[in-house]
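Okay, structure first, notes after.
The values are calculated or read from the model by the stated rules, or taken from the named source; none is laboratory data. Computed from a prediction, not measured in an experiment: that's the story for all the values here. Methodologically, a virtual Cβ is constructed for each residue, glycine included, from the backbone with ideal geometry; neighbour enumeration extends over all protein chains shown. Surface areas here come from the heavy atoms of the whole protein model, side chains and all, with no ligands, DNA or RNA. Shrake-Rupley method; radii C 1.70, N 1.55, O 1.52, S 1.80 Å.
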Amino acid sequence: MDGRRLRSVFVSTALAVALGGSLLAAAPASAVTARVDSGTTASSAITGMWAWGNPIDPAVDARGEGMPQFEPQALAQFAAAHQLKTVFLSVPWAADEGPFSAWLTDAVAALHAVGVTKVAALGGDPAWADDPSLAAQWTTAALRAAPFDAVQFDVEPWVVSSDSELPAVVAKLQAMYDAARVAAGSVPVGADLPWWLALKPQPGGGTAFDALLPHLKSVAIVAFSDHAAETDGIITYAKPAATAAAAKRIPFSIGVETDTPEVAGGPAATFGDDTAALLESETAKVRTALSSLRGYGGVTVEHLRSWQDLLAR
């Protein structure tokens with residue numbers, strides 16, 4: 001199963017969702033580069049990344065993508081250069097079968113060795129929301145495959161849901177997270193959640209974001225914009241969700257995008273058509289605005305390959 005993110009086709013549509021519209025999506029594209037850049041400084045607000053991909057030869061395993069930057073030492077070198085503390089590392093279906101376990105185990109060890117404190121098994125398929133047993137099965141296999149510190153879900157069924165359908169979607173996600181938590185045992189379960197869920201009232205009170213928090217141990221608040229300030233900036237988008245997470249003492253990070261405008265939903269949604277310097281300066285403003293909130297864990301970049309692309313320019 002492919003756990004890659006579904007993304008908004010138009011950034012304006014994301015704002016429309018928050019105001020009562022619907023969200024459209026597109027699957028991420030591959031932008032591969034092997035270059036590692038040490039441009040992030042000790043003062044960077046960026047503390048984590050999503051890493052979608054693997055180095056397994058597709059001739060050996062059909063799930064393989066043959067991406068050299070996902071070799072354990074390459075991952076570790078990049079994480080060390082950017083002083084990352086969290087890496088969400090994509091894990092395929094049935095990761096405990098075939099060549100994936102050896103790679104994942106070595107990758108977790110290599111990342112730990114350079115100071116990454118949280119390597120999470122990353123996965124997601126919208127179908128899992130309809131059948132929580134699939135999420136539990138994936139979780140069990142992922143944790144058999146390698147000693148992950150956490151499990152991170154990127155399951156986004158709301159991208160094809162209207163406001164009237166959202167409460168039912170929330171209930172499905174609650175059941176999915178709970179099933180995964182049982183399968184994970186003592187390993188904490190987190191999720192990626194879009195900022196606009198904090199603006200969606202639930203029939204029983206609170207918001208859709210509030211309703212999901214008790215079922216998670218951490219959350220990455222996805223707030224895609226290429227600037228920190230203004231009403232359509234990262235801070236305005238993320239603050240209601242961040243405040244809600246802080247009130248519930250749920251650790252959180254703020255997710256930003258570096259993929260192409262075509263994938264991200266337009267140039268205003270991504271740093272992918274900007275510069276690495278702008279990514280650093282704008283995320284520093286996010287840290288200034290939100291770091292006083294309990295549980296703030298920095299900024300997480302989506303995703304390794306497109307971030308490397310940005311750094312290579």
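A few remarks follow.
- When only Cα pairs below 8 angstrom with a gap of at least 6 residues are kept, the stretch 46-107 shows a relative contact order of 41 percent.
- Pairwise FRET efficiency - residue 77 versus residue 165, Cβ, R0 = 41 Å, nearest 0.05: 0.40
- With contacts taken as Cα pairs under 8 Å and at least 6 residues apart, the stretch 219-301 reaches a relative contact order of 36 percent.
- Given their separation in residues at 0.36 nm each and the Cα-Cα distance between them, residue 262 and residue 292 gain 7.4 nm when the chain is fully extended.
- FRET efficiency estimate (nearest 0.05) - Cβ-Cβ, residue 186 to residue 109, R0 22 angstrom: 0.65
- Accessible area (Å², per residue) of the chain, counting only protein heavy atoms and a probe of 1.4 Å: 37 Å²
- Applying 0.36 nm per residue to the separation of residue 175 and residue 313 and subtracting their alpha-carbon distance, the gain on full extension is 45.3 nm.
- Label zone at residue 101 (point 7 Å along Cα-to-Cβ), backbone N below 18 Å, the stretch 176-200: 184
- Considering only Cα atoms, the convex hull volume of the chain works out to 112 Å³ per residue.
- Neighbour cut-off at most 12 other Cβ (10 Å), DSSP loop, trypsin sites (Lys or Arg not before Pro), the stretch 202-267: 249
- Counting only heavy atoms of the protein chains and using a 1.4 Å probe, residue 260 has close to 50 Å² of accessible surface.
- Just the protein heavy atoms count here, and of the accessible area of the chain at 1.4 Å, carbon and sulfur take up 57 percent.
- Maximal additional length on extending the residue 131-residue 59 stretch stands at 22.8 nm, based on 0.36 nm per residue less the C-alpha distance.
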